[in-house]
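Have a look at the structure below before the remarks.
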Amino acid sequence: METLESELTCPICLELFEDPLLLPCAHSLCFNCAHRILVSHCSTSKPLESVSAFQCPTCRYVITLNHRGLEGLKRNVTLQNIIDRFQKASVSGPNSPSESRRPPRLSPHSVSARGSPALTGSSSVTGPAPSSTLSAMSLEHQQQQQQQQVVQQVQQQQHLRPLVGCQFCEQDPPREAIKTCVTCEVSYCDRCLRATHPNKKPFTSHRLVEPVPDTHLRGLTCLEHENEKVNMYCVVDDQLICSLCKLVGRHREHQVSSLSERFDKLKAFQVSPGRVSEAVMEASKTSAAQTLENNLTNLVKRNSELENQMAKLIQICQQVEVNTAMHEAKLVEECDELVEIIRQRKQIIAVKIKESKVMKLRKLAQQIANCRQCLERSSALITQAENSLKENDHTRFLQTARNVAERVAMATASSQVLIPDVNLNEAFDNFALDFSREKKILEGLDYLTAPNPPSIRDELCTASHDTITVHWTSEDEFSVTSYELQYTIYTGQTNFISLYNSVDSWMIVPNIKQNHYTVHGLQSGTRYIFFVKAINQAGSRNSEPARLKTNSQPFKLDPKTAHKKLRLSNDCLTMEKDESSLKKSHTPERFSSTGSYGSAGNVFIDSGCHYWEVLLGASTWYAVGVAYKSAPKNEWSGKNSSSWVFSRCNNNFLVRHNGKEQLVEASLQLRRLGVLLDYDSNALSFWDAMNAQHLHTFHVSFLLPVAPTFMIWNKSLMLLSGLPVPDFVDCPEQQEGLCRQQESPYVSSTMKGCH
């Protein structure tokens, strides 16, 4: 029966054929399934009627349709008759195989172990049969008690869950559903469930659960095929798809899995450790589950960060509101003050104008009165003179003519004095109200902002072994009230924010008026972080941080440590082998053994990064390096655990420490040996300074201060100290690469010719 049922199953819907079509390739297909295939080929520009061909889902044979479409294909009547007979045989009596395989329904009188948690693991039900000593009455009584317990549990579960009606019943109201088929998305009562879900394929693969409301069964629809629900999972694209996507869509060649299988994999990490062993749990955790768990953790963390960020933004918004109100009030206050000043000045200038007007008019009125008085006198004299000229009597004329003539002559002579000069300044037209400068100032009124960040000019900054001069520029130089310089030792922290927040480690130089400043008292050979803050009344802004370093510690050869057969120059920068025995006092610091022709520097270094060079000249026997103060002075440097040297013995170059030697490749033309002591990074490097070639690096965890040491067996060498670290040495990437180099094992025997 099962083999026959598989032959009667549609390859698309996986159910018994319904109205099957006989395809030209001899395969069959449900009419509705064929119609769904044609619909999947449709689009807005391609209607259903224009689809003229599709592929057989079984053999991929291309089936061509005529103008009638699917109606032009033949119906497989024989197959339909077989299906009808098969369905009648499947719903036969309870003695049929399918009926015997059907699981019993959970009811007060028949209980399955699947639906009764109380019976799971109960020895009275699942254990062996009772012994023959138990009476039939006691066994029956025990079974009744168990059934009553199960009924009570079922009734409790029914009271807890909501009542769901059967969706297949035709009666009103429908009977109560006992199961919900997730595959069909329908809830069934006992009668409808037996009628619609016989115990045979494809119904045996349907998933039956406890009754749930219809709203919980609405599945997701496919994004590419309308009204098609997703029923499988594409592993390649990590996407939910429907059957058409796998048959005729773009997922046709992709690997797919069932939804339940994918669900079990993603939920594998949630298995209770009390039910399975740790090994089984680890095996059940897939990479997808771990990825989902990690992503979920990151998402929760991200949500927390976003909440904190949002809280900060809300706080900033509130602060913006407060600051805006404060500035608006300040604006009104300042403008009112300006208006009050203008009003007061207006009154003062208006009073001055009125006072000047009164004074000028009073002076002009006096002049007018004087002119009027002179005019009246002149008019009277003119009238008297005219009357005298009209006199015909000689005696009277002669008597008055002389007096009148004298008065007229006097009046004519004094007319220039009596008539006042008119002064144009008295007209008040040489005064002006010029507020053009003030208007420009008022038009330029604006709120003051913090100055733009200054920029540190690395190319202009200079340094010595204990000072650094920092130069910077600012675009808003005229709006800057002062500058503030802050600096600290650079510890190699990549997170500058955390370094900046450690306020205790920063030194501050406030109230700088120039665009440069020299910092004194710094450690030699040390990196520092600098930044400049431009300040005005509105606030301040910082420049980008700049990394600057002091030069190496300058030093000379210490005459107190030089071997008696070494001659040092007056400046203590050159040492030369001199076989003539010189009378020198013996001190514990002096190199004294035969063959230990050495001298130490006059400094001990306990921090920073320092670089010096040695001019080797024509010397072919020498050793250059560093040593603790406690290093023995009666043996070669590098023969003990307190010294590290780079040495040349004729044509062989080697490094030596604690009596072990290692050959190093170097040019015989080596004339300038560079030594880089990075005390903080526990590294001592040697370089060919002329060719910028790295020779060797010691990785040492220095415990005590070290002093430079120099040994020579022929010719002379010259010391150059206090130098800045060259660019070919001061490359962080290069230094990091050198630190990863693995040193070769040392050769325990002494090189031939170095005895």
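So that you can scan it fast, the table gives a plain yes or no per residue for (1) β-branched (V, I, T); (2) open to solvent by 50 Å² or more (accessible area, probe 1.4 Å); (3) closer than 21 Å to Y483 by Cα; (4) in contact (Cβ under 8 Å) with a residue 24 or more places away in the chain:
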{"residue": "M507", "(1), (2), (3), (4)": "no, yes, yes, no"}
{"residue": "H520", "(1), (2), (3), (4)": "no, yes, yes, yes"}
{"residue": "T526", "(1), (2), (3), (4)": "yes, no, no, yes"}
{"residue": "V532", "(1), (2), (3), (4)": "yes, no, yes, yes"}
{"residue": "E544", "(1), (2), (3), (4)": "no, yes, yes, yes"}
{"residue": "L557", "(1), (2), (3), (4)": "no, no, no, yes"}
{"residue": "R567", "(1), (2), (3), (4)": "no, yes, no, no"}
**Asked** How many residues are over 15 Å from R656 (Cα atoms) and of a type outside the set (A, V, I, L, M, F, W, C) when one looks only at region 680-707?
**Response** 9
**Prompt:** Is there any pair linking a residue in region 25-45 that is closer than 14 Å to L247 by Cβ to one that is open to solvent by 40 Å² or more (accessible area, probe 1.4 Å) and of a type in the set (V, I, T), with Cβ under 7 Å and at least six apart or on different chains, and which?
**Reply:** H27/T58
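Say we look at region 1-44 and pick out the residues that are in a helix (DSSP H, G or I) and small (G, A, S); which of these is modelled with the highest pLDDT?
Taking the candidates together, the pick is A34.
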**Prompt:** Does region 570-586 contain at least one residue that is open to solvent by less than 40 Å² (accessible area, probe 1.4 Å), modelled with pLDDT under 90, polar (S, T, N, Q) and over 30 Å from V470 (Cα atoms)?
**Reply:** no
**Message:** Looking at V320, V358, V332, V300 in this structure, which one is under 25 Å from I441 (Cα atoms) and of a type in the set (A, V, I, L, M)?
**Reply:** V332
**Request:** Would you tally the residues in region 46-72 being assigned to a loop (DSSP other than H, G, I, E, B), closer than 21 Å to G249 by Cα and without any contact (Cβ under 8 Å) to a residue 24 or more places away in the chain?
**Result:** 6
**Message:** Can you confirm whether E340 is part of a helix (DSSP H, G or I), out of contact with any helix residue (DSSP H, G or I) (no Cβ under 7 Å at 6 or more places or on another chain) and of a type in the set (D, E, K, R)?
**Reply:** yes
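Residue by residue through region 389-413, note down the ones that are within 20 Å of S378 (Cβ to Cβ) and basic (K, R). Steps first, answer last, please.
Applying the first criterion (within 20 Å of S378 (Cβ to Cβ)) to region 389-413 yields 389-390, 400-413.
The answer is K390, R402, R407.
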**Item:** region 683-695, subset of a type outside the set (S, T, N, Q) and either in a loop (DSSP other than H, G, I, E, B) or on the phi > 0 side of the Ramachandran plot (or both), residue surrounded by the fewest Cβ atoms within 10 Å (Cβ to Cβ)
**Value:** A692
**Request:** May I ask you to verify whether E253 is under 23 Å from C184 (Cβ atoms) and more than 38 Å from the chain's Cα centre (by Cα)?
**Result:** no
**Message:** Can you tell me how many residues within region 546-555 are farther than 14 Å from V603 by Cβ and open to solvent by 50 Å² or more (accessible area, probe 1.4 Å)?
**Reply:** 2
**Message:** Name the residue that is modelled with the highest pLDDT, counting only residues in region 238-263 that are open to solvent by 60 Å² or more (accessible area, probe 1.4 Å) and not basic (K, R).
**Reply:** Q255
**Asked** Could we say that K312 is modelled with pLDDT under 90, farther than 29 Å from A432 by Cβ and open to solvent by 100 Å² or more (accessible area, probe 1.4 Å) here?
**Response** no
**Prompt:** Taking W636, is it open to solvent by 10 Å² or more (accessible area, probe 1.4 Å), aromatic (F, W, Y) and modelled with pLDDT under 90?
**Reply:** yes
**Request:** Give the residue, chosen from I419, I468, I456, that is at pLDDT below 80 and surrounded by 12 or more Cβ atoms within 10 Å (Cβ to Cβ).
**Result:** I419
**Asked** Restricting to region 672-682, what's the tally of residues that are open to solvent by 10 Å² or more (accessible area, probe 1.4 Å) and within 16 Å of P726 (Cα to Cα)?
**Response** 2
**Message:** Yes or no: region 648-659 includes at least one residue that is without any contact (Cβ under 8 Å) to a residue 60 or more places away in the chain, within 40 Å of the chain's Cα centre (by Cα) and surrounded by 15 or more Cβ atoms within 10 Å (Cβ to Cβ).
**Reply:** no
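The values are calculated or read from the model by the stated rules, or taken from the named source; none is laboratory data. All of these numbers come straight from a predicted model, not from anything done at the bench. Every residue, glycine as well, gets a Cβ built from its backbone with ideal geometry; the counts of neighbours run over all protein chains shown. When the accessible area is computed, the model is the full protein with side chains, heavy atoms only, and any ligands, DNA or RNA have been set aside. Shrake-Rupley method; radii C 1.70, N 1.55, O 1.52, S 1.80 Å.
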